[in-house]
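Quick one: the structure is below, and I'll ask about it shortly.
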Amino acid sequence: MKHRLKNIFLAGLAVTVPIGLTIYILFFLIDLMDGLLRVIPAAIHPETLLGMRIPGLGAIATVLLIFLAGLVTTSYAGARFFRFAETLVERIPLVRGIYQAIKQIVQTMVSKEGQSFKRVVLVEFPRQGLYTVAFVTGPVTGELRRKTGERGISIFVPTTPNPTSGYYMIVPEDRVTDLEMSVEEAFKLIISGGMISPPENNKQLRNG
């Protein structure tokens, strides 16, 4: 009886924890986006005009703002305005570096031609004989290629269980081994600390 109760409890835990954490993260993101509305003056704040608080209004406003920015940017006048604004931003020394770095990252992520996080590889790290999963972020060019003196690639080695932090490294391309798992499967593997492994024949299943 005790063993059966334990199995029932573990089965319930396996169901409720993922659902609970998913709901918690969604509410956290919604609250975070709702906080963006604080920049709006109280006199014209949506909650003041409506007379009530609407959860998720910030998320809706953020999506609409992004869509509106896209419409403006794709117009002739809007494109000229944003180019002028970028010119002003790029004249500020510290802000210029931060803005350009963020802009390049975002453009790489949304670009169809972008190659970031398209390959999952196995690399020896932090020393020979130990292996970890990494993501290829692009080829090494310019000064970095000249200084390294060999054909290298840029890789990102994420940490567990938080893959948003990690290490950027330049390694020879022949020192990494391509894996068949997808980027999503690799993230699951990293976040779970190896407890969630991709299926053995994942590539054949995707191609089939």
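Looking only at the stretch 15-53, which residues are loosely packed, with under 10 Cβ neighbours inside 10 Å and either in contact with a Cys (Cβ under 6 Å, 6 or more places away or on another chain) or not in a helix (DSSP H, G or I) (or both)?
Pro41, Gly51, Met52, Arg53
Given the options Ala61, Ala69, name the one that is touching a residue at least 12 places away in the same chain (Cβ under 8 Å), out of contact with any Asp or Glu (no Cβ under 7 Å at 6 or more places or on another chain) and small (Gly, Ala, Ser).
Numbers: Ala69 fails: touching a residue at least 12 places away in the same chain (Cβ under 8 Å).
Exactly one residue qualifies, and that residue is Ala61.
Could you give me the residue pairs with C-beta distances under 6 Å whose first residue belongs to the stretch 101-128 and is more than 16 Å from Ile155 (Cβ to Cβ) and of a type outside the set (Asp, Glu), whose second residue is part of a strand (DSSP E or B) and modelled with pLDDT under 60 wherever it lies, and which are 6+ apart or on separate chains?
none
Pairs only if they're at least six apart or on different chains, beta carbon under 8 angstrom, first in the stretch 35-48 and under 11 Å from Ala61 (Cα atoms), second among the aliphatic types (A, V, I, L, M); list them, first residue then second.
Close Cβ pairs satisfying both conditions: Leu36/Ala61; Leu37/Leu57; Leu37/Ala61; Pro46/Leu37; Pro46/Ile40; Pro46/Ile54; Pro46/Leu57; Pro46/Ala61.
All but one of (1) at pLDDT below 75; (2) farther than 30 Å from Arg83 by Cβ; (3) in a helix (DSSP H, G or I) hold for Gly12; state the number of the condition that does not hold.
Answer for Gly12: the failing condition is (1).
Let me ask something additional. Please work out which residue is modelled with the lowest pLDDT, limiting yourself to the stretch 77-113 and to residues that are surrounded by 10 or more Cβ atoms within 10 Å (Cβ to Cβ) and hydroxyl-bearing (Ser, Thr, Tyr).
Ser111
Here's another thing I want to ask about it. Give me the pairs, please: first residue somewhere in the stretch 14-33 and over 16 Å from Gly56 (Cα atoms), second residue anywhere and surrounded by 10 or more Cβ atoms within 10 Å (Cβ to Cβ) and modelled with pLDDT of 80 or more, beta-carbon distance under 8 Å, and either six or more positions apart or on two chains.
none
I've got another one for you. Give the stretch 132-160 a look and list any residue that's of a type in the set (A, V, I, L, M) and under 30 Å from Gly194 (Cα atoms), or say none. Don't jump to the end; show me each part of the working.
Taking the stretch 132-160 and keeping what is of a type in the set (A, V, I, L, M), we get 133-134, 136, 140, 144, 153, 155, 157.
Correct list: Val133, Ala134, Val136, Val140, Ile153, Ile155, Val157.
Follow-up. If Glu184 passes every condition in (1) in a loop (DSSP other than H, G, I, E, B); (2) under 20 Å from the mean Cα position of the chain (by Cα) but one, which one does it miss?
Single failed check for Glu184: (1).
The values are calculated or read from the model by the stated rules, or taken from the named source; none is laboratory data. Computed from a prediction, not measured in an experiment: that's the story for all the values here. Cβ atoms come from the backbone with ideal geometry, glycine included; neighbour counts cover every protein chain shown.
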